[in-house]
Amino acid sequence: MKLTYWDLRGLAEPVRYMLRYSDIEWEDVRLPVTMEGFGTWMQLKSQPGMICANLPFIEDGDKKISQSVAIFRYVARKTGLIPQDIDELTLCEMVEQELMDLRNRLTRTCYSSYKVLRPGDKASEKGVHDFEHLKNSFKKRLSERLAIIDPLFAKGSLTGGFDKLTYADFMAFEFLDQFRTFAPECFEGFENINKFSAEFAKLKGVREWREGDAFKSGEYINSPIAVWHGK
């Protein structure tokens with residue numbers, strides 16, 4: 001299996017952790033966030049079989065799968081990280097969507113819609129990206145939603161202990177870590193989430209990556225062109 005994405009954490013890191021944790025052989029293809037990398041992506045997206053071309057995308061045999069949530073679910077089915085019980089699956093899907101809502105809100109906060117973000121775009125001639133206002137709005141929303149999410153991790157993982165992990169746990173670990181980097185004060189007092197994150201970081205594949213030089217040297221969460229990139 002091959003995963004292709006920009007050389008940053010962004011939307012691909014949850015599936016990278018799923019693959020690091022699994023026994024599947026995989027290749028981590030990272031495109032530089034440069035004109036050269038953008039040119040490579042323009043070539044890749046025109047390949048035959050690319051439906052809804054976007055980054056990240058995975059290649060599994062002759063299949064090409066894009067859209068991050070579709071990738072999370074696909075890899076979960078391949079690695080046994082998807083619940084078979086309908087109620088547990090529904091819980092995972094609700095938390096999945098909650099996390100994606102927050103991640104998309106972080107994107108809107110950190111990327112100015114008034115500047116050129118990629119070649120061929122045209123910058124707005126008017127308008128101001130009020131980062132501090134958007135940041136405060138995000139922090140307020142995050143605190144409200146963490147109060148809802150925290151009790152869901154009372155048992156350790158979403159559906160039980162750490163012997164019963166799902167793809168939504170991998171999403172939660174990474175995206176909550178991104179949010180914590182952006183607004184650490186919002187996580188004070190949420191004991192279940194903080195305990196979950198600390199225990200999850202000890203998992204095989206996760207621990208080794210986070211103890212490695214690449215992670216410790218600092219990875220971009222968002223693109224270097226973002227108002228806040230997290231490095």
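Inspect the stretch 24-32 for any residue being more than 29 Å from Leu165 (Cβ to Cβ) and open to solvent by 40 Å² or more (accessible area, probe 1.4 Å) and give the result as yes or no.
Checked the stretch 24-32: at least one residue is more than 29 Å from Leu165 (Cβ to Cβ) and open to solvent by 40 Å² or more (accessible area, probe 1.4 Å).
Helices (runs of 4 or more DSSP H) wholly in the stretch 112-231 with at least 2 residues that are within 21 Å of Pro56 (Cα to Cα) and of a type in the set (A, V, I, L, M) - which ones?
167-182
Output the residues belonging to the stretch 1-23 that are closer than 13 Å to Ile58 by Cβ, of a type in the set (D, E, K, R) and open to solvent by less than 20 Å² (accessible area, probe 1.4 Å).
Arg16
Can you say whether Ile221 is among the hydrophobic types (A, V, I, L, M, F, W, C), touching a Gly at 6+ places or on another chain (Cβ under 8 Å) and under 30 Å from Arg77 (Cβ atoms), as far as the supplied structure shows?
Here the answer is yes, as Ile221 does meet what is asked.
Of (1) farther than 16 Å from Glu13 by Cβ; (2) open to solvent by less than 80 Å² (accessible area, probe 1.4 Å), Pro48 satisfies all except one. Which?
Checking Pro48 against (1) farther than 16 Å from Glu13 by Cβ; (2) open to solvent by less than 80 Å² (accessible area, probe 1.4 Å), the one that fails is (2).
If you take the residues in the stretch 76-90 that are in contact with a Phe, Trp or Tyr (Cβ under 7 Å, 6 or more places away or on another chain) and of a type outside the set (Gly, Ala, Ser), which one is most open to solvent (accessible area, probe 1.4 Å)?
For the stretch 76-90, the residue satisfying everything is Ile82.
Restricting attention to the stretch 1-40, and to residues there that are of a type in the set (Phe, Trp, Tyr) and assigned to a helix (DSSP H, G or I), which single residue is farthest from Asn54 (Cα to Cα)?
Tyr21
Restricting the first residue to the stretch 182-193 and requiring it to be farther than 11 Å from Asp150 by Cα, which pairs with a second residue that is hydrophobic (A, V, I, L, M, F, W, C) and open to solvent by less than 70 Å² (accessible area, probe 1.4 Å) meet a Cβ separation below 7 Å and a spacing of at least six or different chains?
That search, which allows pairs on different chains as well, returns Phe182/Leu106; Phe182/Trp228; Ala183/Leu142; Cys186/Leu142; Cys186/Leu146.
Would you be able to tell me the number of residues in the stretch 57-85 that are part of a loop (DSSP other than H, G, I, E, B) and in contact with a Lys or Arg (Cβ under 9 Å, 6 or more places away or on another chain)?
Qualifying residue count for the region: 2.
Name the one entry in Phe162, Phe200, Phe190, Phe170 that is under 14 Å from the mean Cα position of the chain (by Cα) and surrounded by 13 or more Cβ atoms within 10 Å (Cβ to Cβ).
Of Phe162, Phe200, Phe190, Phe170, the one residue that is under 14 Å from the mean Cα position of the chain (by Cα) and surrounded by 13 or more Cβ atoms within 10 Å (Cβ to Cβ) is Phe170.
Identify, please: which residue in the stretch 194-227 is touching a helix residue (DSSP H, G or I) at 6+ places or on another chain (Cβ under 9 Å) and of a type in the set (Val, Ile, Thr) and is, among those, nearest to Leu158 (Cα to Cα)?
For the stretch 194-227, the residue satisfying everything is Val206.
Go through (1) out of contact with any helix residue (DSSP H, G or I) (no Cβ under 6 Å at 6 or more places or on another chain); (2) surrounded by 15 or more Cβ atoms within 10 Å (Cβ to Cβ); (3) of a type outside the set (Ser, Thr, Tyr); (4) at pLDDT below 95 for Gly230 and report which single condition fails.
(1)
The values are calculated or read from the model by the stated rules, or taken from the named source; none is laboratory data. In this text, all values refer to a predicted model and were calculated from it rather than measured experimentally. Heads up, the Cβs are rebuilt from the backbone with ideal geometry, glycines too, and the neighbour counts pull from every protein chain shown. Accessible surface is based on the protein model in full, side chains and every heavy atom, while ligands, DNA and RNA are left aside. Shrake-Rupley method; radii C 1.70, N 1.55, O 1.52, S 1.80 Å.
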